[in-house]
1. Being more than 21 Å from the chain's Cα centre (by Cα) and of a type in the set (D, E) narrows it down to one residue among D276, D216, D285; which is it?
2. Would you check which residues across the range 257-286 are exposed (fewer than 13 other Cβ atoms within 10 Å of the Cβ) and over 19 Å from L236 (Cβ atoms) and list them?
3. Give the residues of the range 113-127 that are free of Cβ contacts under 8 Å to residues at least 60 places away in the same chain and closer than 20 Å to V94 by Cβ, sorted by residue number.
4. Name the residues in the range 230-257 that are modelled with pLDDT of 95 or more and in a loop (DSSP other than H, G, I, E, B), would you?
5. Just the residues that are surrounded by 20 or more Cβ atoms within 10 Å (Cβ to Cβ), more than 13 Å from Q68 (Cβ to Cβ) and of a type in the set (D, E, K, R), please, taken from the range 88-108.
6. Checking the condition assigned to a loop (DSSP other than H, G, I, E, B) and within 18 Å of I36 (Cα to Cα), which residue from P109, P84 passes?
Amino acid sequence: MKKIKISALLIYVLGIFLGLAVSQKLFAGMPANNLIKNAIFAEGQKYWHQQGKGRLAIQFDDRQLILQKQDSQYSAFYQDIKIPAPGKYFVELVADSKNGNGALLLVTPFSNGKFHDRQNIRLSLLPKNGVQVLSKEIKLGSEVSKVRIRLFGNKNGTRFISVQLKKMTAADKQPNVAPAKQLNAAIGKDSGNLLKNSNFKAGKKYWSQVGSGKSDIRIENGKLLFQRQDAVYSVLYQDIKIPSPGTYALEVTADSRNGGGSQVIVTPFFDGKFHDRYNSYIRLDRKNGVQKLSKLINIGAEVSKVRVRIIGNKTGTLFSKVILKKTFPGRLIKFQ
């Protein structure tokens with residue numbers, strides 16, 4: 001392939017669980033010049049098509065696309081994209097392979113009126129748990145009229161969070177991701193946490209309770225115990241001013257004590273209003289033992305503050321720490 005040159009940039013974002021919410025405002029997750037339509041799957045299967053004779057289970061969960069292969073035959077999820085002009089382009093995939101093999105994205109060119117399936121640009125997910133951010137800079141020649149973006153799942157059920165294809169301009173001095181060392185250093189450390197008393201060493205100071213439900217919320221052995229006594233709404237929350245737009249990490253360390261329903265929710269304030277429809281969640285698994293979960297969230301300039309809400313369960317979740325901090329200083333994926 002002479003006309004398509006590739007220089008690769010590959011970043012693996014470590015985390016036990018990480019996802020991106022996808023509201024049109026707070027969690028849009030894609031730049032305005034993204035050539036891929038419905039790139040964050042907020043509209044389900046719209047603009048995407050299934051290809052191949054293989055059996056492929058397609059689901060949408062928390063506005064993420066799940067592709068699970070049911071056999072070994074060819075099956076793909078694809079979208080054709082018109083290329084407006086020759087030049088350098090940036091392709092990015094955010095997904096979780098769920099520790100399975102074979103999950104990937106292919107970019108294939110149409111040139112001189114033909115589909116060239118042997119000239120593929122590949123972003124292959126590693127077989128591991130946790131979200132991976134893969135990206136490449138590619139060069140498309142004047143003979144390329146369009147490209148086909150194909151997504152391939154695996155037998156474990158790959159979770160696709162977002163895809164991006166954008167033309168790079170002179171203003172793009174760096175890709176739309178942070179350097180690997182910078183990102184990995186940011187995740188897993190408490191520095192830069194915007195939440196006050198996030199480890200509950202000062203009891204419930206800075207946190208407020210709301211809701212008419214009955215809950216036992218207290219400090220037990222240095223941790224926050226949140227035990228719900230009925231199914232009525234009850235949360236502990238803290239409002240946080242957002243200093244600047246960018247990509248933020250939400251991290252939770254807690255033990256659900258084998259109960260379901262425990263979660264931490266981030267909700268934006270914009271246009272002077274609280275928007276409870278635009279939520280980003282971390283949901284704890286139903287199991288015993290401490291869990292460390294994380295999630296990346298894109299917060300735009302229109303967001304003045306966010307509300308971080310903690311919800312326990314009937315077995316009594318023990319929350320050790322909640323963190324919300326900026327991880328991509330000075331770099332923001334612009335909203336549509």
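1. Values: D276 fails: more than 21 Å from the chain's Cα centre (by Cα); D285 fails: more than 21 Å from the chain's Cα centre (by Cα).
Checking each option against the conditions leaves just D216.
2. N258, D271, G272, K273, R277, listed by residue number.
3. N120, R122, L123, S124, L125, P127
4. S256, R257, listed by residue number.
5. Scanning the range 88-108 gives a single hit, E92.
6. Numbers: P109 fails: assigned to a loop (DSSP other than H, G, I, E, B).
Checking each option against the conditions leaves just P84.
The values are calculated or read from the model by the stated rules, or taken from the named source; none is laboratory data. Not measured: the values here are computed from a predicted model. So basically every Cβ, Gly included, is an ideal-geometry build from the backbone, and we count neighbours across all protein chains shown.
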